[in-house]
Amino acid sequence: MFLDSELIRLLAFVLGVVGFVAMNAAYLVWLERKEAGHIQRRIGPKEVGPYGLLQPMADGLKLMTKQLITPDGVDPILFKVAPILVMVPAIMSFVTLPFSETLVARNLDVGLLAVFAFASINVLGLLLGAWGSRNKYAVISAARVVSQNVAYEIPMLIIIVTLVMITGTLNLHEIVTLQTGGFWHWNVLKFTASPLMPVAFLIFFICMLAETNRAPFDMAEAESELVAGAFTEYPGMGFGVFFMGEYANIVVGTSLATILFLGGWDCPLGLFPGVHWFLIKMYALIFVVIWIRWTYPRTTFYGLLNLSWKILIPVAFFNLILTSAMLKVF
Amino acid sequence: MTAYFKEIISGTWSLFVGLGITIVYFFKPVVTLQYPHETVPMTPRYRGHIDLVWDEVRGTNKCIVCNGCMKACPSNCITLAGEKAEGGKGKVLTQYTLDFTKCSLCGLCVEVCPTEALEFSKEYNLAGFDEKDYVFDLLKRLEAKHS
Ligand code: SF4
Ligand code: SF4
(Lines give C-alpha, C1' and ligand atoms only; values in the text may rest on other atoms or scores of the structure.)
(Ligands and ions follow the chains in the order given, each with its own letter.)
Protein backbone atom coordinates (compact mmCIF):
# COMPACT_ATOMS: atom_id res chain seq x y z
CA MET A 1 0.00 0.00 0.00
CA PHE A 2 1.22 3.44 -0.88
CA LEU A 3 -0.98 5.22 1.62
CA ASP A 4 0.12 3.20 4.58
CA SER A 5 -0.61 4.38 8.07
CA GLU A 6 2.88 5.80 8.54
CA LEU A 7 2.41 8.21 5.67
CA ILE A 8 -1.01 9.31 6.90
CA ARG A 9 0.46 9.84 10.33
CA LEU A 10 3.20 11.95 8.82
CA LEU A 11 0.76 14.07 6.84
CA ALA A 12 -1.49 14.52 9.83
CA PHE A 13 1.42 15.74 11.90
CA VAL A 14 2.72 18.10 9.26
CA LEU A 15 -0.72 19.63 8.88
CA GLY A 16 -1.28 19.66 12.62
CA VAL A 17 2.03 21.28 13.47
CA VAL A 18 1.86 23.90 10.73
CA GLY A 19 -1.71 24.71 11.67
CA PHE A 20 -0.83 24.87 15.34
CA VAL A 21 2.12 27.17 14.68
CA ALA A 22 0.14 29.43 12.37
CA MET A 23 -2.79 29.71 14.77
CA ASN A 24 -0.46 30.37 17.66
CA ALA A 25 1.48 33.00 15.79
CA ALA A 26 -1.74 34.74 14.84
CA TYR A 27 -3.47 34.54 18.19
CA LEU A 28 -0.46 35.18 20.35
CA VAL A 29 -0.25 38.56 18.68
CA TRP A 30 -3.86 39.07 19.65
CA LEU A 31 -3.18 37.88 23.21
CA GLU A 32 -0.15 40.11 23.40
CA ARG A 33 -2.12 43.17 22.38
CA LYS A 34 -5.00 42.35 24.71
CA GLU A 35 -2.74 41.70 27.65
CA ALA A 36 -0.69 44.81 26.96
CA GLY A 37 -3.92 46.74 26.77
CA HIS A 38 -5.19 45.53 30.09
CA ILE A 39 -1.90 46.08 31.84
CA GLN A 40 -2.07 49.66 30.65
CA ARG A 41 -5.77 49.73 31.52
CA ARG A 42 -6.86 49.93 27.93
CA ILE A 43 -8.95 47.34 26.09
CA GLY A 44 -6.72 46.44 23.19
CA PRO A 45 -8.10 45.30 19.83
CA LYS A 46 -11.87 45.34 19.82
CA GLU A 47 -13.09 46.67 16.50
CA VAL A 48 -12.62 43.75 14.14
CA GLY A 49 -14.87 40.93 15.23
CA PRO A 50 -16.05 40.25 18.78
CA TYR A 51 -13.27 41.13 21.24
CA GLY A 52 -11.10 41.91 18.23
CA LEU A 53 -10.88 38.20 17.47
CA LEU A 54 -10.68 38.74 13.74
CA GLN A 55 -7.88 41.26 14.12
CA PRO A 56 -5.10 38.72 13.37
CA MET A 57 -6.86 37.82 10.11
CA ALA A 58 -7.09 41.50 9.20
CA ASP A 59 -3.43 42.03 10.08
CA GLY A 60 -2.45 39.00 8.03
CA LEU A 61 -4.44 40.21 5.05
CA LYS A 62 -2.87 43.60 5.31
CA LEU A 63 0.63 42.13 5.47
CA MET A 64 -0.05 39.88 2.50
CA THR A 65 -1.38 42.65 0.31
CA LYS A 66 1.75 44.68 0.79
CA GLN A 67 4.16 44.63 -2.09
CA LEU A 68 7.15 42.36 -1.62
CA ILE A 69 9.99 44.71 -2.41
CA THR A 70 13.48 43.36 -2.78
CA PRO A 71 15.62 46.44 -2.23
CA ASP A 72 18.45 47.23 -4.62
CA GLY A 73 21.80 45.85 -3.61
CA VAL A 74 20.58 43.10 -1.31
CA ASP A 75 21.74 39.56 -1.77
CA PRO A 76 18.58 38.22 -3.38
CA ILE A 77 18.99 34.62 -2.28
CA LEU A 78 19.98 35.23 1.32
CA PHE A 79 17.36 37.94 1.60
CA LYS A 80 14.60 35.55 0.63
CA VAL A 81 15.90 32.48 2.41
CA ALA A 82 16.43 34.17 5.77
CA PRO A 83 12.78 34.38 6.89
CA ILE A 84 12.35 30.73 6.00
CA LEU A 85 15.47 29.89 7.97
CA VAL A 86 13.83 31.43 11.00
CA MET A 87 10.43 29.85 10.49
CA VAL A 88 11.24 26.31 9.45
CA PRO A 89 13.46 25.32 12.40
CA ALA A 90 10.82 26.61 14.76
CA ILE A 91 8.30 24.32 13.12
CA MET A 92 10.78 21.45 13.04
CA SER A 93 11.25 21.70 16.79
CA PHE A 94 7.66 20.61 17.25
CA VAL A 95 8.47 17.23 15.77
CA THR A 96 9.86 15.85 18.99
CA LEU A 97 7.76 17.75 21.51
CA PRO A 98 5.37 15.37 23.24
CA PHE A 99 2.04 17.08 23.84
CA SER A 100 0.61 14.12 25.68
CA GLU A 101 1.20 10.44 26.33
CA THR A 102 0.40 9.60 22.70
CA LEU A 103 0.41 12.91 20.86
CA VAL A 104 3.94 13.20 19.51
CA ALA A 105 5.16 13.29 15.93
CA ARG A 106 8.43 11.45 16.47
CA ASN A 107 9.49 10.05 19.79
CA LEU A 108 13.24 10.50 19.30
CA ASP A 109 15.71 9.24 21.84
CA VAL A 110 17.70 12.43 21.36
CA GLY A 111 14.65 14.66 21.28
CA LEU A 112 16.12 17.26 23.59
CA LEU A 113 19.25 17.51 21.48
CA ALA A 114 17.20 17.80 18.31
CA VAL A 115 15.17 20.70 19.69
CA PHE A 116 18.32 22.59 20.59
CA ALA A 117 19.91 21.82 17.24
CA PHE A 118 16.90 23.26 15.43
CA ALA A 119 16.63 26.18 17.80
CA SER A 120 20.14 27.33 17.05
CA ILE A 121 19.40 27.71 13.31
CA ASN A 122 17.05 30.56 14.13
CA VAL A 123 19.89 32.93 14.98
CA LEU A 124 21.68 31.97 11.77
CA GLY A 125 18.56 32.98 9.87
CA LEU A 126 18.52 36.36 11.57
CA LEU A 127 22.19 36.94 10.88
CA LEU A 128 21.89 35.96 7.23
CA GLY A 129 18.82 38.13 6.83
CA ALA A 130 20.66 41.13 8.19
CA TRP A 131 23.79 40.37 6.20
CA GLY A 132 21.81 39.85 3.02
CA SER A 133 20.03 43.19 3.53
CA ARG A 134 23.31 45.06 3.05
CA ASN A 135 22.28 47.50 5.72
CA LYS A 136 24.96 48.26 8.26
CA TYR A 137 22.47 48.95 11.03
CA ALA A 138 20.82 45.63 10.42
CA VAL A 139 24.21 43.92 10.53
CA ILE A 140 25.13 45.64 13.77
CA SER A 141 21.90 44.66 15.40
CA ALA A 142 22.25 41.11 14.08
CA ALA A 143 25.70 40.99 15.64
CA ARG A 144 24.14 41.95 18.92
CA VAL A 145 21.56 39.21 18.51
CA VAL A 146 24.25 36.64 17.90
CA SER A 147 26.32 37.64 20.90
CA GLN A 148 23.18 37.67 23.01
CA ASN A 149 22.18 34.22 21.83
CA VAL A 150 25.64 32.83 22.44
CA ALA A 151 25.68 34.38 25.89
CA TYR A 152 22.36 32.90 26.86
CA GLU A 153 22.77 29.52 25.27
CA ILE A 154 25.54 28.74 27.76
CA PRO A 155 23.61 29.00 31.03
CA MET A 156 20.64 27.38 29.35
CA LEU A 157 22.67 24.38 28.26
CA ILE A 158 24.28 24.10 31.69
CA ILE A 159 20.79 23.88 33.17
CA ILE A 160 19.87 21.29 30.54
CA VAL A 161 22.96 19.26 31.40
CA THR A 162 21.91 19.37 35.04
CA LEU A 163 18.49 18.16 34.08
CA VAL A 164 19.82 15.37 31.93
CA MET A 165 21.99 14.28 34.84
CA ILE A 166 18.90 14.09 37.03
CA THR A 167 16.65 12.32 34.55
CA GLY A 168 19.34 10.31 32.79
CA THR A 169 17.73 10.60 29.36
CA LEU A 170 17.47 12.88 26.35
CA ASN A 171 14.09 11.52 25.39
CA LEU A 172 11.48 14.20 26.06
CA HIS A 173 8.72 11.63 26.46
CA GLU A 174 10.67 9.81 29.14
CA ILE A 175 11.57 13.06 30.89
CA VAL A 176 7.87 13.77 31.31
CA THR A 177 7.06 10.23 32.33
CA LEU A 178 9.61 10.50 35.12
CA GLN A 179 7.75 13.51 36.50
CA THR A 180 4.18 12.14 36.50
CA GLY A 181 2.06 11.75 39.59
CA GLY A 182 1.54 15.20 41.05
CA PHE A 183 3.38 18.49 41.20
CA TRP A 184 5.75 17.34 43.92
CA HIS A 185 7.34 15.04 41.33
CA TRP A 186 7.97 17.82 38.86
CA ASN A 187 11.54 18.78 38.18
CA VAL A 188 10.99 22.32 39.33
CA LEU A 189 10.42 20.99 42.86
CA LYS A 190 12.84 18.06 42.79
CA PHE A 191 14.69 19.13 45.92
CA THR A 192 16.24 15.68 46.34
CA ALA A 193 18.28 16.37 43.22
CA SER A 194 19.20 19.93 44.06
CA PRO A 195 17.72 22.50 46.41
CA LEU A 196 18.27 25.07 43.67
CA MET A 197 15.78 23.57 41.20
CA PRO A 198 13.36 26.56 41.26
CA VAL A 199 16.33 28.82 40.63
CA ALA A 200 17.34 26.59 37.76
CA PHE A 201 13.86 26.93 36.33
CA LEU A 202 14.11 30.70 36.68
CA ILE A 203 17.43 30.71 34.85
CA PHE A 204 16.00 28.52 32.12
CA PHE A 205 13.07 30.86 31.78
CA ILE A 206 15.27 33.96 31.57
CA CYS A 207 17.47 32.28 28.98
CA MET A 208 14.43 31.26 27.01
CA LEU A 209 13.28 34.88 26.94
CA ALA A 210 16.69 35.95 25.69
CA GLU A 211 16.87 33.15 23.13
CA THR A 212 13.52 34.05 21.65
CA ASN A 213 14.52 37.73 21.63
CA ARG A 214 11.63 38.64 23.85
CA ALA A 215 11.55 41.76 25.98
CA PRO A 216 13.40 42.77 28.06
CA PHE A 217 16.01 41.19 25.78
CA ASP A 218 14.56 42.17 22.43
CA MET A 219 17.73 43.62 20.99
CA ALA A 220 16.97 42.13 17.58
CA GLU A 221 14.03 44.43 17.16
CA ALA A 222 14.45 47.38 19.51
CA GLU A 223 11.89 49.13 17.39
CA SER A 224 12.32 52.44 19.16
CA GLU A 225 16.06 52.68 18.55
CA LEU A 226 16.77 50.50 15.55
CA VAL A 227 13.54 50.49 13.53
CA ALA A 228 13.12 46.71 13.66
CA GLY A 229 16.88 46.14 13.80
CA ALA A 230 17.97 43.04 12.00
CA PHE A 231 15.00 42.97 9.66
CA THR A 232 14.72 46.66 8.86
CA GLU A 233 14.76 46.04 5.13
CA TYR A 234 11.99 43.46 5.08
CA PRO A 235 8.64 44.45 3.63
CA GLY A 236 5.19 42.93 4.14
CA MET A 237 5.10 39.23 4.65
CA GLY A 238 8.90 38.85 4.82
CA PHE A 239 8.72 40.78 8.04
CA GLY A 240 5.57 38.88 8.96
CA VAL A 241 7.38 35.56 8.69
CA PHE A 242 10.13 36.77 11.02
CA PHE A 243 7.42 37.75 13.42
CA MET A 244 5.67 34.41 13.17
CA GLY A 245 9.03 32.75 13.71
CA GLU A 246 9.46 34.70 16.92
CA TYR A 247 6.07 33.62 18.20
CA ALA A 248 6.65 30.03 17.14
CA ASN A 249 9.88 30.13 19.08
CA ILE A 250 8.05 31.35 22.14
CA VAL A 251 5.72 28.39 21.85
CA VAL A 252 8.69 26.04 21.52
CA GLY A 253 10.44 27.64 24.48
CA THR A 254 7.44 27.53 26.78
CA SER A 255 6.66 23.97 25.67
CA LEU A 256 10.19 22.98 26.57
CA ALA A 257 9.91 24.67 29.95
CA THR A 258 6.66 22.79 30.50
CA ILE A 259 8.17 19.48 29.49
CA LEU A 260 11.45 19.86 31.33
CA PHE A 261 10.31 21.47 34.56
CA LEU A 262 6.56 21.44 34.93
CA GLY A 263 5.76 17.82 34.20
CA GLY A 264 4.43 18.18 30.66
CA TRP A 265 0.95 16.73 30.40
CA ASP A 266 0.85 15.69 34.04
CA CYS A 267 -1.94 17.05 36.24
CA PRO A 268 -0.71 18.91 39.35
CA LEU A 269 -2.70 16.56 41.61
CA GLY A 270 -2.04 13.39 39.66
CA LEU A 271 -5.57 13.18 38.23
CA PHE A 272 -6.63 13.18 34.58
CA PRO A 273 -3.34 13.82 32.84
CA GLY A 274 -3.61 14.79 29.20
CA VAL A 275 -2.92 17.29 26.50
CA HIS A 276 -5.14 19.89 28.17
CA TRP A 277 -2.73 20.16 31.09
CA PHE A 278 0.13 20.64 28.70
CA LEU A 279 -1.72 23.44 26.97
CA ILE A 280 -2.77 25.06 30.25
CA LYS A 281 0.80 25.15 31.51
CA MET A 282 2.17 26.30 28.19
CA TYR A 283 -0.30 29.15 27.82
CA ALA A 284 0.18 30.14 31.44
CA LEU A 285 3.89 30.47 30.73
CA ILE A 286 3.18 32.42 27.56
CA PHE A 287 0.99 34.72 29.62
CA VAL A 288 3.95 35.27 31.93
CA VAL A 289 6.23 35.92 28.96
CA ILE A 290 3.92 38.64 27.70
CA TRP A 291 3.38 39.96 31.21
CA ILE A 292 7.14 40.33 31.56
CA ARG A 293 7.36 42.18 28.29
CA TRP A 294 4.89 44.82 29.42
CA THR A 295 6.47 45.16 32.85
CA TYR A 296 10.16 45.71 32.24
CA PRO A 297 11.88 48.20 30.02
CA ARG A 298 14.37 46.90 27.50
CA THR A 299 17.78 46.25 29.05
CA THR A 300 20.93 47.80 27.75
CA PHE A 301 23.25 45.53 25.90
CA TYR A 302 25.84 45.62 28.66
CA GLY A 303 23.21 44.84 31.25
CA LEU A 304 22.16 41.90 29.18
CA LEU A 305 25.64 40.42 28.81
CA ASN A 306 26.52 41.16 32.43
CA LEU A 307 23.45 39.33 33.61
CA SER A 308 24.41 36.27 31.64
CA TRP A 309 28.13 36.13 32.29
CA LYS A 310 28.22 37.43 35.84
CA ILE A 311 25.11 35.91 37.33
CA LEU A 312 23.37 33.24 35.28
CA ILE A 313 26.43 31.26 34.24
CA PRO A 314 28.05 31.12 37.71
CA VAL A 315 24.76 30.21 39.38
CA ALA A 316 24.03 27.58 36.75
CA PHE A 317 27.50 26.12 37.21
CA PHE A 318 27.09 26.09 40.96
CA ASN A 319 23.80 24.30 40.51
CA LEU A 320 25.47 21.77 38.23
CA ILE A 321 28.16 21.00 40.79
CA LEU A 322 25.68 20.89 43.63
CA THR A 323 23.43 18.53 41.70
CA SER A 324 26.23 16.17 40.80
CA ALA A 325 27.35 16.14 44.44
CA MET A 326 23.82 15.47 45.64
CA LEU A 327 23.33 12.72 43.06
CA LYS A 328 26.57 11.13 44.23
CA VAL A 329 25.57 11.26 47.87
CA PHE A 330 21.95 10.08 47.58
CA MET B 1 31.23 39.07 47.54
CA THR B 2 28.30 39.80 49.85
CA ALA B 3 27.49 42.82 47.73
CA TYR B 4 27.24 40.49 44.72
CA PHE B 5 24.72 38.19 46.41
CA LYS B 6 22.84 41.11 47.88
CA GLU B 7 22.51 42.59 44.43
CA ILE B 8 21.21 39.34 42.96
CA ILE B 9 18.65 38.86 45.70
CA SER B 10 17.45 42.44 45.86
CA GLY B 11 17.43 42.60 42.06
CA THR B 12 15.37 39.46 41.70
CA TRP B 13 13.02 40.65 44.42
CA SER B 14 12.53 44.00 42.73
CA LEU B 15 11.70 42.23 39.47
CA PHE B 16 8.97 40.25 41.21
CA VAL B 17 7.64 43.40 42.84
CA GLY B 18 7.44 44.95 39.39
CA LEU B 19 5.49 41.98 38.07
CA GLY B 20 3.16 42.28 41.04
CA ILE B 21 2.40 45.87 40.22
CA THR B 22 1.58 45.22 36.59
CA ILE B 23 -0.66 42.24 37.35
CA VAL B 24 -2.68 44.39 39.75
CA TYR B 25 -3.17 46.85 36.93
CA PHE B 26 -4.11 43.99 34.62
CA PHE B 27 -7.14 43.22 36.77
CA LYS B 28 -8.14 46.81 37.38
CA PRO B 29 -10.98 48.10 35.21
CA VAL B 30 -10.24 49.80 31.96
CA VAL B 31 -10.12 53.57 32.23
CA THR B 32 -9.64 54.75 28.68
CA LEU B 33 -12.43 56.47 26.84
CA GLN B 34 -13.41 54.54 23.71
CA TYR B 35 -13.18 57.72 21.73
CA PRO B 36 -15.20 57.47 18.54
CA HIS B 37 -17.93 55.62 20.41
CA GLU B 38 -17.83 57.64 23.60
CA THR B 39 -17.14 61.31 24.09
CA VAL B 40 -16.69 63.47 27.14
CA PRO B 41 -18.76 66.60 27.72
CA MET B 42 -16.40 69.51 27.24
CA THR B 43 -15.61 71.84 30.13
CA PRO B 44 -17.46 75.19 30.06
CA ARG B 45 -14.24 77.08 29.43
CA TYR B 46 -13.38 75.04 26.34
CA ARG B 47 -12.74 77.21 23.30
CA GLY B 48 -13.97 75.65 20.13
CA HIS B 49 -14.74 77.73 17.09
CA ILE B 50 -17.09 80.62 17.74
CA ASP B 51 -20.79 80.12 17.36
CA LEU B 52 -23.85 82.33 17.32
CA VAL B 53 -26.07 82.30 20.40
CA TRP B 54 -29.74 81.50 20.14
CA ASP B 55 -32.09 83.95 21.78
CA GLU B 56 -34.86 81.95 23.41
CA VAL B 57 -37.13 84.96 23.88
CA ARG B 58 -37.04 86.28 20.37
CA GLY B 59 -36.55 82.97 18.72
CA THR B 60 -33.67 84.09 16.57
CA ASN B 61 -30.02 85.03 16.89
CA LYS B 62 -28.93 87.91 19.09
CA CYS B 63 -26.85 89.69 16.50
CA ILE B 64 -27.63 93.32 15.72
CA VAL B 65 -25.20 93.50 12.79
CA CYS B 66 -22.94 96.10 14.36
CA ASN B 67 -19.91 94.65 12.60
CA GLY B 68 -17.94 94.85 15.85
CA CYS B 69 -16.72 91.31 15.66
CA MET B 70 -15.66 91.65 12.05
CA LYS B 71 -13.62 94.71 12.89
CA ALA B 72 -12.17 93.27 16.06
CA CYS B 73 -10.97 90.08 14.49
CA PRO B 74 -7.21 90.29 13.99
CA SER B 75 -7.20 87.52 11.40
CA ASN B 76 -10.15 88.67 9.34
CA CYS B 77 -12.02 85.41 9.61
CA ILE B 78 -15.46 86.87 10.00
CA THR B 79 -17.62 88.00 7.12
CA LEU B 80 -21.13 89.06 7.88
CA ALA B 81 -23.99 90.81 6.18
CA GLY B 82 -27.36 92.09 7.25
CA GLU B 83 -30.31 93.96 5.88
CA LYS B 84 -32.80 96.39 7.22
CA ALA B 85 -35.45 94.72 9.26
CA GLU B 86 -38.92 94.79 7.78
CA GLY B 87 -41.13 97.12 9.73
CA GLY B 88 -38.99 97.38 12.84
CA LYS B 89 -35.79 99.22 13.44
CA GLY B 90 -32.32 97.80 13.31
CA LYS B 91 -30.92 95.14 11.08
CA VAL B 92 -31.23 91.40 10.83
CA LEU B 93 -28.37 89.08 10.11
CA THR B 94 -28.53 87.41 6.70
CA GLN B 95 -25.14 85.80 6.50
CA TYR B 96 -22.37 85.03 8.94
CA THR B 97 -19.30 83.21 7.65
CA LEU B 98 -16.39 82.14 9.79
CA ASP B 99 -13.17 81.01 8.17
CA PHE B 100 -11.94 78.77 10.95
CA THR B 101 -8.65 77.98 9.20
CA LYS B 102 -7.42 81.46 10.11
CA CYS B 103 -8.97 81.82 13.56
CA SER B 104 -6.51 82.01 16.44
CA LEU B 105 -9.25 81.56 19.05
CA CYS B 106 -8.23 84.85 20.61
CA GLY B 107 -11.78 85.55 21.70
CA LEU B 108 -11.78 89.21 20.73
CA CYS B 109 -14.96 88.76 18.76
CA VAL B 110 -16.73 87.27 21.75
CA GLU B 111 -15.47 90.06 24.00
CA VAL B 112 -16.45 92.84 21.72
CA CYS B 113 -19.98 91.78 20.93
CA PRO B 114 -22.41 94.22 22.60
CA THR B 115 -25.29 91.75 22.73
CA GLU B 116 -23.38 88.64 23.69
CA ALA B 117 -24.40 87.06 20.44
CA LEU B 118 -21.23 85.00 20.18
CA GLU B 119 -19.90 82.12 22.25
CA PHE B 120 -17.34 79.40 21.94
CA SER B 121 -18.82 76.12 20.83
CA LYS B 122 -17.81 72.88 22.49
CA GLU B 123 -17.12 71.22 19.17
CA TYR B 124 -13.83 69.37 19.04
CA ASN B 125 -14.47 66.65 16.49
CA LEU B 126 -13.05 68.76 13.74
CA ALA B 127 -11.01 66.74 11.32
CA GLY B 128 -11.41 66.88 7.62
CA PHE B 129 -9.74 66.48 4.27
CA ASP B 130 -10.49 69.84 2.76
CA GLU B 131 -9.73 73.38 3.81
CA LYS B 132 -13.16 74.38 2.59
CA ASP B 133 -14.74 72.21 5.28
CA TYR B 134 -13.67 74.83 7.79
CA VAL B 135 -15.46 77.77 6.32
CA PHE B 136 -18.58 77.63 8.43
CA ASP B 137 -21.84 79.32 7.76
CA LEU B 138 -22.73 79.97 11.37
CA LEU B 139 -26.19 81.32 10.64
CA LYS B 140 -27.15 78.18 8.79
CA ARG B 141 -25.74 76.07 11.59
CA LEU B 142 -27.75 77.97 14.16
CA GLU B 143 -30.94 77.68 12.19
CA ALA B 144 -30.36 74.02 11.51
CA LYS B 145 -29.88 73.44 15.22
CA HIS B 146 -33.14 75.14 16.16
CA SER B 147 -35.52 74.08 13.44
S1 SF4 C 1 -11.58 84.26 18.05
FE2 SF4 C 1 -10.24 85.92 17.37
S3 SF4 C 1 -9.40 85.17 15.45
FE4 SF4 C 1 -11.16 83.89 15.92
S5 SF4 C 1 -12.86 84.84 14.85
FE6 SF4 C 1 -12.86 85.68 16.90
S7 SF4 C 1 -11.63 87.52 16.77
FE8 SF4 C 1 -11.23 86.38 14.93
S1 SF4 D 1 -20.27 91.86 17.42
FE2 SF4 D 1 -22.05 90.68 17.94
S3 SF4 D 1 -23.76 91.88 17.39
FE4 SF4 D 1 -22.02 92.84 16.40
S5 SF4 D 1 -22.00 91.84 14.39
FE6 SF4 D 1 -20.72 90.67 15.64
S7 SF4 D 1 -22.06 89.02 16.41
FE8 SF4 D 1 -23.37 90.69 15.63
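The values are calculated or read from the model by the stated rules, or taken from the named source; none is laboratory data. Computed from a predicted structure; not experimentally measured. Neighbour counts run over all protein chains shown; Cβ positions are idealised from the backbone, glycine included. Accessible surface is based on the protein model in full, side chains and every heavy atom, while ligands, DNA and RNA are left aside. Shrake-Rupley method; radii C 1.70, N 1.55, O 1.52, S 1.80 Å.
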* Cα-based radius of gyration of the protein assembly as shown once divided by 2.2 N^0.38 Å, which approximates compact folds -> 1.41
* To do: Leaving out ligands and nucleic acids, note down the accessible area per residue over region B:1-74 with a 1.4 angstrom probe, in whole Å².
  => 71 Å²
* To do: Taking the Cα centre of region B:29-147 as origin, sum charge times position over the Cβ atoms of Lys and Arg (+1) and Asp and Glu (-1), and report the length of that vector in debye to the nearest 20.
  => 320 debye
* **Selection from A:LEU202, A:MET64, A:PRO83, by position along the positive dipole direction of chain A (Cβ)** => A:LEU202
* Asked: Using the Cα gyration tensor of region A:192-330, with a ≥ b ≥ c the square roots of its eigenvalues, what is the shape: rounded (a/c below 1.5), prolate (a/b larger than b/c) or oblate (neither)?
  -> oblate
* Convex hull over the Cα atoms of region B:74-147, averaged projected area in nm²? -> 6.2 nm²
* Given 10 Å bins starting at zero, what is the percent of C-alpha pairs of region B:1-139 in each, up to the one with the largest pair distance? -> 10, 27, 21, 11, 8, 9, 8, 4, 2, 0, 0
* Structure fact -> For the pair A:LEU7 and B:THR97, the simple spin-label estimate (label points 7 Å beyond Cα toward Cβ) gives in nm 8.0 nm
* Within 10 Å, count the other beta carbons around each residue, average over each peptide in A:239-245, B:137-143, B:30-36, and list them highest first. => A:239-245, B:137-143, B:30-36
* Estimated dipole of the protein assembly as shown in Debye, rounded to 20 [Cβ of Lys and Arg +1, of Asp and Glu -1, Cα centre] -> 740 debye
* 3J(HN,Hα) from dihedral phi, region B:110-125, Karplus parametrisation 6.51/-1.76/1.60, rounded to Hz, x for glycine, proline -> 5, 5, 7, 4, x, 10, 6, 8, 10, 8, 8, 7, 9, 6, 10, 7
* Asked: Between A:LEU103, A:LEU124, A:LEU312, which gets the highest mean-square fluctuation from a Gaussian network model of chain A, Cα cutoff 10 Å?
  -> A:LEU103
* In a GNM of chain A with a 10 Å cut-off on Cα contacts, which of A:PRO216, A:PRO71, A:PRO50 has the highest mean-square fluctuation? -> A:PRO50
* What does the average come to when, for each residue of peptide B:15-28, you count the partner chain Cβ atoms lying within 10 Å of its Cβ? -> 4
* Using a probe radius of 1.4 Å on protein heavy atoms only, what is the accessible area buried between chains B and A, both sides summed, to the nearest 100 Å²? -> 1700 Å²
* Asked: To the nearest 500 deg cm²/dmol, what mean residue ellipticity at 222 nm is calculated for chain A from DSSP H runs of n ≥ 4 alone, each contributing -39,500 (n - 2.57), summed and divided by the residues?
  -> -21500 deg cm²/dmol
* Among rounded, prolate and oblate, which fits region A:52-172 when a ≥ b ≥ c are the square roots of the eigenvalues of its C-alpha gyration tensor, a/c under 1.5 means rounded, and a/b larger than b/c means prolate? -> oblate
* To do: Take A:VAL18, project a point 7 Å from its Cα along the Cβ direction, then tell me which residues of region A:65-106 have their backbone nitrogen under 11 Å from it.
  => none
* So how far, in whole Å, is the C-alpha centre of region B:47-92 from the one of region A:21-47? -> 53 Å
* Karplus-derived 3J(HN,Hα), 6.51/-1.76/1.60, for each residue of region B:93-105, Hz, glycine and proline x -> 6, 10, 7, 9, 10, 10, 8, 6, 5, 9, 5, 9, 6
* Table column - 3J(HN,Hα) (Hz), region A:248-253, Karplus curve with 6.51, -1.76, 1.60, x for Gly and Pro -> 4, 5, 4, 4, 4, x
* **Two-site FRET efficiency, A:VAL150 against B:ASP130, from Cβ-Cβ distance with R₀ of 56 Å, rounded to 0.05** => 0.50
* Could you do me a favour and compute the accessible area per residue for region A:76-123, 1.4 Å probe, result in Å²? => 43 Å²
* To do: State the percentage of accessible surface on region B:1-107 attributable to carbon and sulfur atoms; use a 1.4 Å probe and exclude ligands, DNA and RNA.
  => 62 percent
